[in-house]
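Take a look at the structure set out below.
We did not get these values from a lab; they are worked out from the coordinates using the rules stated. No experiment lies behind these values; they were computed from the predicted model shown. Glycine also receives a Cβ, built like all others from the backbone with ideal geometry; neighbour counts cover every protein chain displayed.
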Amino acid sequence: MPVDPSAKPDSDQQLIDFKNSSHSSSKFHPTTLPITHNSIKVSIKATLPEEPDVVPLIVACAKKEFGDYQCNNAMSLWSKTKGKGTNFKGPQPIGQAIMQNLPTSDMIESCSIAGPGFVNVKLSKQWMAKRIQKMLKDGIDTWAPKLSVKRAIVDFSSPNIAKEMHVGHLRSTIIGDTLARMLEYCKVEVLRRNHVGDWGTQFGMLIEFLFEKFPSGEVNDQAIGDLEVFYKASKQRFDSDSDFKERAQQAVVSLQGGEEKYRKAWAQICEISRKGYEKVYQRLGVHLEEKGESFYNPYIPGTLDLLREKGLIEESEGAQVIFIEGKKIPLIVVKRDGGFNYASTDLAAMWYRLNVEKAEWIIYVTDVGQREHFEMFFTAAKRAGWLPIDESKYPKTSHVGFGLVLGDDGKRFRTRSTEVVKLVDLLDEAKTRCKAAIKEQEEARIKRGIVVDWTDEERDRTAEEVGYGAVKYADLKNNRLTNYTFNFDQMLNDKGNTAVYLLYAHARICSIIRKSGKHIEDLKKEGELILEKDEERKLGLHLLQFAEVVEEACTNLLPNVLCEYLYDLSEKFTGFYSECQVVGSAEETSRLLLCEATAVVMRKCFHLLGITPVYKI
């Protein structure tokens, strides 16, 4: 039975109970990293016990010769406490006290003061090595940061029924999947929602056209053929034939009234579309649960009744609207003809997600062009009391906007015939190009007398893994708010900041370990990791910063932060490998463990980005 959002007293009471729950005032706090966070927090409390709620301000040292991390609280603490009777005479004495009050720990090798009280901390090489070695024994999941949110909804992809998925859906699908993966890694229960456009006036047009082509009403995807062509033909008929348009409009009424014939036709069209979407999701390795517009349609009247009771809905020029301060145009929730729209569906979906699914954080992944719509309906929800005014408290909502995918001409990415690029075709071309590059490399090796022992299956699988990964990484490495240019040659380049380069770097690490002839699992149990040389230490520190990077990427909903970390990790490994002989050296066991730790962290980064690693090239 559907839940009635207008029911009394449960609906409002559910929201009241939820806001009073233990998570209603939760905030993101670094619980594990930055590495020095807990120690510095204890020190600040000991230094100024009268200021109990100070959040440590910790950044990586800009100049590595000073240390690894820097605490920058002294200046702000001095501005808060001067003239209040403390014994401190300026920010530097506060910094000195923070440094002296750091608890004794084998984590810290040394500390120093710079400028007006900046506390520089250098980590112990022995402590770093033990922490990395423990991860190798216990698994990378032990490094997952702990977020205070327990359940989140990520609303992404969201194509429209009866239209092919095209490059415009690429960013939402890839970004949304990565955000879901990162939150899941942090032990957040993520509900992956595909809010497809499966309800509305266009279905009258499609259903009536379907009845003309297939009077029996029985149809499948083979009979319809290209669904995009079918949609365009029905739209052309709708625009040019007034009798057809009238019948299509009546079909909408029949569909919404629940007439079996129309509901059956609608369900067939939806199912044909799903088969098309699944081809894309299968290639991308993306999993979603569909809850489209039609799912929330029964909840709209009750949701609007709740908003009316709050006095939020007003009549304006024949429509029912919610006026939003600072916006010239109100949020329309009922059109002049009495029909519902995106805003009414989105409000009903939010009510359902807060009350029934008990989501603490709802994340919407759409293009930046929809930013104002989300700002307006988030504001309406706050005015209704569904969301707290303080955006640091839960439940909360976030709009994850992203820019356009452009062609080499700087315009929206299209085919030469000006058609929008179908996503299936784009992904298949990435695989084809990658397969050709692999074949070319094989031929070059054979000419040099190198034996190539790849099977056709391995070659095909690697082309998929690298090709699809290249498309994903080319998108994710950019700040999502900016436009980016889609260029196969750039994204499939094996040099520079590309997935191809990173996947090959991972495969090279695996090759080093294989060529050693050592069993890495035995080394994890028996060997000892030592970070003696400078390049070993730099690589070890970067590995330890993995969790804080994941937390930053989750908190700010920016996958490019993780991409930057992964690329830097590859570069730091290159620096280590150039300076430190691995196989055949006196430090072989330790350095093989460092290679394995790098590969483990790289594989987790790949997983969070939805990229499948390759193990040989």
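Cross-link partners for Lys187 among the aspartates and glutamates, with Cα-Cα distance under 16 Å and sequence neighbours closer than 8 places in the same chain left out: Asp141, Asp177, Glu360, Glu548, Glu551, Glu552.
Only beta bridges with both residues in the chain are counted; by DSSP, about 50 percent of them are antiparallel. Across all C-alpha atoms in the range 390-511, the radius of gyration and Dmax reach 18.3, 67 Å.
Under Stokes-Einstein, with the Kirkwood radius over Cα pairs standing in for Rh, what whole-number D in µm²/s applies to the range 423-608 at 25 °C and 0.890 mPa s? Mind showing how you got there, number by number?
Numbers: Rh = 18.0 Å.
For these conditions, the coefficient is 136 µm²/s.
Packing order of peptides 515-524, 426-435, highest average first: 426-435, 515-524 (average count of other Cβ atoms within 10 Å over each peptide's residues).
Go ahead and estimate [θ] at 222 nm for the chain from helices alone: -39,500 (n - 2.57) per DSSP H run with n ≥ 4, summed, over the residue count, rounded to 500.
Numbers: 24 runs with 319 residues, N = 617.
The helix contribution divided over the chain gives -16500 deg cm²/dmol.
Computed over the range 202-290, the convex hull of the alpha-carbon atoms projects to a mean area of 6.3 nm². Between the C-alpha center of the range 530-601 and that of the range 138-205 there is a gap of 29 Å.
Taking other residues whose beta carbon is less than 15 angstrom from the beta carbon of Val333, and scoring Lys, Arg as +1 and Asp, Glu as -1, yields -2. With bins 5 Å wide beginning at 0, the percent of Cα pairs of the range 61-187 falling in each bin runs 2, 9, 11, 10, 10, 11, 11, 11, 9, 6, 4, 3, 2, 1, 0. Other residues whose C-beta falls under 9 angstrom from the C-beta of Val452 contribute a net charge of -2, scoring Lys and Arg +1 and Asp and Glu -1.
Each other residue within a Cβ distance under 11 Å of Val614 adds +1 if Lys or Arg and -1 if Asp or Glu, for a net charge of +1. Inter-part distance, the range 280-346 to the range 36-89, computed on C-alpha centroids, equals 47 Å.
For the range 37-124, what class follows from the C-alpha gyration tensor (a ≥ b ≥ c being the square roots of its eigenvalues): rounded when a/c is under 1.5, otherwise prolate if a/b is larger than b/c, else oblate? Let's see the in-between values first.
Values: a/c = 2.03, a/b = 1.53, b/c = 1.32.
Here the range 37-124 falls in the prolate category.
Given contacts defined as C-alpha pairs under 8 Å and at least six residues apart, what's the relative contact order of the chain, whole-number percent? Computed over the chain, the figure is 16 percent. For semi-axes √(5λ) of the Cα gyration tensor in Å, the candidate list reads (i) 44, 25, 23; (ii) 57, 29, 18; (iii) 49, 37, 18; the entry that matches the value derived from this model is (iii).
Which shape class applies to the range 182-338: rounded if a/c is under 1.5, otherwise prolate when a/b exceeds b/c and oblate if not, where a ≥ b ≥ c are the square roots of the Cα gyration tensor eigenvalues? Walk me through the intermediate numbers first.
Numbers: a/c = 2.19, a/b = 1.15, b/c = 1.90.
It is oblate, given that a/c is not under 1.5 and a/b is not larger than b/c.
Within straight-line reach of Lys80, meaning a Cα separation under 19 Å, sit the following aspartates and glutamates at least 8 residues removed in sequence or on another chain: Glu50, Glu51, Asp53.
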